[in-house]
1. Across the range 17-51, what is the total count of residues that are free of Cβ contacts under 8 Å to residues at least 24 places away in the same chain and over 20 Å from the mean Cα position of the chain (by Cα)?
2. Across the range 114-143, what is the number of residues that are part of a helix (DSSP H, G or I) and within 16 Å of the chain's Cα centre (by Cα)?
3. Do any residues in the range 111-122 that are under 15 Å from Lys101 (Cβ atoms) and crowded, with 23+ Cβ neighbours inside 10 Å have Cβ atoms under 8 Å from those of residues that are modelled with pLDDT under 80 and of a type in the set (S, T, N, Q), where the two are at least six apart or on different chains, and which pairs are they?
4. With the condition kept exactly as written, say whether any residue in the range 21-43 is assigned to a helix (DSSP H, G or I), of a type outside the set (Ser, Thr, Tyr), more than 30 Å from Leu94 (Cβ to Cβ) and modelled with pLDDT under 75.
5. One residue is enough: does the range 63-79 have a residue meeting the conditions touching a residue at least 60 places away in the same chain (Cβ under 8 Å), crowded, with 20+ Cβ neighbours inside 10 Å and not in a helix (DSSP H, G or I)?
6. What number goes with the only condition from (1) farther than 25 Å from Phe155 by Cβ; (2) among the polar types (S, T, N, Q); (3) touching a residue at least 40 places away in the same chain (Cβ under 8 Å) that Asn129 does not pass?
Amino acid sequence: MEFFDPESWSFLWDAERYEALIEGLGPWAPLAAIGAMILVSFLPIPAETVAVANGMVFGQGQGFVLTWTGAMIAAMLAFGLARWLGAPIIKRILPASTLEKFDSMVRRRGAPFLLFVRMIPLIPYTVVNYGSGLSPIRFRTYVWTSAIGMAPPIFAFVSAGALLRDQLWMGWVAVAATVILFTLLGYYMRALWNTDKQASV
């Protein structure tokens, strides 16, 4: 596999290729599924693709556990990495303006904001993970808000993937409904973000 060839990593967003790859790993498949979720959480790729694929491969229950576990490991690693590297390095990875807005919201609204933002998969994991590491939020607060907040969207996308495997048309309906729901939550979050920005001017 060529490391810098995008096609080599297409299994992260190509559900059919991912399914074939994972199923070919035999007893190592669960660890590979966790590893894929960890990897995608550090990349500018929608992590929902892996969640859906895990639902297709492992079903609703096991798919959820594996996906959630991978997301939590990635979240804690990224948080620690941000604390260790500091803002100057992280701002080379993500836009400084985005990180500053995130920090402002965390300072103003604390744990409720972090819990809510975790429920919106349209907000990249990289922003929440690194942004939280640079914020004054406590690690234990970050862990419990992440654990609870990431569970609903992960369960929704894994369930949609499981339906895609068992009942194709219902799976696509579930995927569409899930995307619409979390898009609406995203618009609400954007409005909240803009309101907070105007209040701080």
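1. Narrowing the range 17-51 to residues free of Cβ contacts under 8 Å to residues at least 24 places away in the same chain: 17, 20-21, 24-28, 31-32.
Then drop every residue that is not over 20 Å from the mean Cα position of the chain (by Cα), which leaves 17, 20-21, 24-28.
The number of residues fulfilling the criteria is 8.
2. Of the residues in the range 114-143, the ones part of a helix (DSSP H, G or I) are 114-118, 125-134, 139-143.
Then keep just the ones that are within 16 Å of the chain's Cα centre (by Cα); that gives 114-118, 125-133, 142-143.
Residues meeting the conditions: 16.
3. Hits for this filter: zero, empty list.
4. Taking the range 21-43 as the starting set, the residues that turn out to be assigned to a helix (DSSP H, G or I) are 21-23, 26-41.
Filter once more, so that each one left must be of a type outside the set (Ser, Thr, Tyr): 21-23, 26-40.
Now narrow it down to the ones that are more than 30 Å from Leu94 (Cβ to Cβ): 23, 26-30.
From what's left, modelled with pLDDT under 75: 23.
There is at least one residue in the range 21-43 that is assigned to a helix (DSSP H, G or I), of a type outside the set (Ser, Thr, Tyr), more than 30 Å from Leu94 (Cβ to Cβ) and modelled with pLDDT under 75.
5. Step one: of the range 63-79, the residues touching a residue at least 60 places away in the same chain (Cβ under 8 Å) are 63-64, 67-68, 71-72, 75-76, 79.
Checking the rest, the ones that are also crowded, with 20+ Cβ neighbours inside 10 Å come to 63-64, 67-68, 71-72, 75, 79.
Checking the rest, the ones that are also not in a helix (DSSP H, G or I) come to none.
There is no residue in the range 63-79 that is touching a residue at least 60 places away in the same chain (Cβ under 8 Å), crowded, with 20+ Cβ neighbours inside 10 Å and not in a helix (DSSP H, G or I).
6. Here Asn129 meets the rest and fails (1).
The values are calculated or read from the model by the stated rules, or taken from the named source; none is laboratory data. Not measured: the values here are computed from a predicted model. FYI the Cβ positions are ideal-geometry reconstructions off the backbone, even for glycines, and counts take in every protein chain you see.
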